[in-house]
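Peer 1: Input: one structure, supplied below.
The values are calculated or read from the model by the stated rules, or taken from the named source; none is laboratory data. Keep in mind that what you see is a predicted model, and the values were worked out from it rather than measured. Positions of Cβ are generated from backbone atoms using ideal geometry, with glycine treated the same way; all protein chains shown enter the neighbour counts. Keep in mind that these areas ignore ligands, DNA and RNA; they rest on the heavy atoms of the full protein, side chains included. Shrake-Rupley method; radii C 1.70, N 1.55, O 1.52, S 1.80 Å.
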Amino acid sequence: MLVDSHCHLDFPEFEEDFDEVLARAHEAGVKTMMTICTYVTKFDQVHAIAQKYDNIYCTIGIHPHNADSEPVVSVADLTGPAASEKVIGFGETGLDYFYEHSPRQIQQDQFRTHIQAARELDLPVIIHTREAEEDTLRIIEEEMAYAPFKGLIHCFSASKEFADKMVALGLYISISGIVTFKKADAVREAIRDVPLDRLLVETDAPYLAPIPKRGKRNEPAYTAYTSAKLAEVKGVSEEVMAKQSTENFFTLFTKAKRV
């Protein structure tokens, strides 16, 4: 069994063959999926998918790219919808200084709001960080010092030092298809020492399809390729890696039910 801990099933790339995508995921052993909210104004669409399928869960949140174009949300704006049994986390949120589609201060403010919501309901926050390690670390450390919260770094592509600090702070690390890329030696080295009990796998579908599917639309079934490569990096069997990452998902996302 595998869990795709981060995909975007509400995106238009899946409109034409949604049922086939789910069937292929099942055939590949991907029994649970978490579809991620990136626009709070489109939460209803994300939530509807999760409500329709027993093995799909969702989050509520605003991607840092959209922090300026979406409404400014309060903690209550996030925690209210999270009363649904299918909403099991907050995000994705965080900081993206690579594209900077939204001003940095707005990204930071909304990041902190998501963390506060996560802390209030004791649910994980899904953190996106790109070219923003210093500020991401600073905010997480400041918020942890105020009061602990649960969360993960999604689609990890940062430094070994950053990974080590996240683990030390109690966060999990989620690995995407990037780990399979030929030029991703730095990512593989950064996660080599991350404890097995802190690792999750994801697709970030429809983006970042792993080798041997790179260049194509990504989909949850391809979690299997990422998990296999992660097993190789960690020096364990594919079966051990799949079992451990699945256990880690349900340990972190306590509202999710096994199917």
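Peer 1: Starting from the 7 Å offset along Cα-to-Cβ, what nm value, one decimal, do you get for the label separation of residue 159 and residue 51?
Peer 2: Here the modelled spin labels are 4.6 nm apart.
Peer 1: Just the accessible area per residue of the chain, please: how many Å² with a 1.4 Å probe?
Peer 2: Values: 10950 Å² over 259 residues.
With the other protein chains kept in place, the chain gives 42 Å² per residue.
Peer 1: Can you give me the % of accessible surface on segment 115-165 that is carbon or sulfur? Probe 1.4 Å, all protein chains present, nothing else counted. Could the numbers behind the result be given before it?
Peer 2: Values: 1020 of 2210 Å².
Exposed carbon and sulfur together represent 46 percent of the surface.
Peer 1: Looking at segment 140-213, which trypsin sites (Lys or Arg not before Pro) are DSSP coil and have at most 13 other C-beta atoms within 10 Å of their C-beta? Kindly include the intermediate steps, with their values, before the conclusion.
Peer 2: Working: sites: 150, 160, 165, 182, 183, 188, 192, 198, 213; in loops: 150, 182, 183, 192, 213.
Hits after loop and neighbour filter: 182, 183, 192.
Peer 1: On to the next question. When all alpha-carbon pairs of segment 1-53 are counted, what percent fall beyond 12 Å?
Peer 2: 66
Peer 1: Okay, moving on. Quick check of the Kirkwood formula: for segment 59-176, what is the inverse mean of 1/r over all pairs of different Cα atoms, in Å? Display every interim value, and only then the final one.
Peer 2: Details: mean 1/r = 0.0716 Å⁻¹.
One decimal place: 14.0 Å for the Kirkwood radius.
Peer 1: A follow-up question, please. How big is D, in µm² s⁻¹, for the chain by Stokes-Einstein at 37 °C and 0.692 mPa s if Rh is the Kirkwood radius over C-alpha pairs?
Peer 2: Answer from the Stokes-Einstein relation: 183 µm²/s.
Peer 1: Given 0.36 nm per residue, what is the gain on full extension from residue 239 to residue 42 after removing their alpha carbon distance, in nm?
Peer 2: Working: separation 197, 0.36 × 197 = 70.92 nm, distance 3.65 nm.
Additional length available on full extension: 67.3 nm.
Peer 1: Could you pull the Rg and Dmax for segment 132-223, using just the Cα atoms, both in Å?
Peer 2: Taking only Cα atoms of segment 132-223, I get Rg and Dmax of 14.0, 44 Å.
Peer 1: Between residue 169 and residue 214, what is the spin-label point distance in nm, taking each point 7 Å from the Cα along the Cα→C-beta axis?
Peer 2: Simple spin-label model gives 3.0 nm for this pair.
Peer 1: Given the Cα-Cα distance of residue 20 and residue 104 and 0.36 nm per residue of separation, how much length would full extension add, in nm? Can you show the working numbers first?
Peer 2: Numbers: separation 84, 0.36 × 84 = 30.24 nm, distance 3.93 nm.
In short, 26.3 nm is gained.
Peer 1: Taking the Cα centroid of segment 165-185 and of segment 7-75, what is the distance between the two, rounded to the nearest whole Å?
Peer 2: Each part's Cα centre sits 22 Å from the other's.
Peer 1: Follow-up question, since we're still on this one. Treating only the Cβ atoms of Lys and Arg (+1) and Asp and Glu (-1) as charged, compute the dipole magnitude of segment 103-259 about its Cα centre; round to the nearest 20 debye.
Peer 2: So the magnitude is around 620 debye.
Peer 1: Hey, any idea what % of segment 176-253's accessible area is carbon plus sulfur with a 1.4 Å probe?
Peer 2: 50
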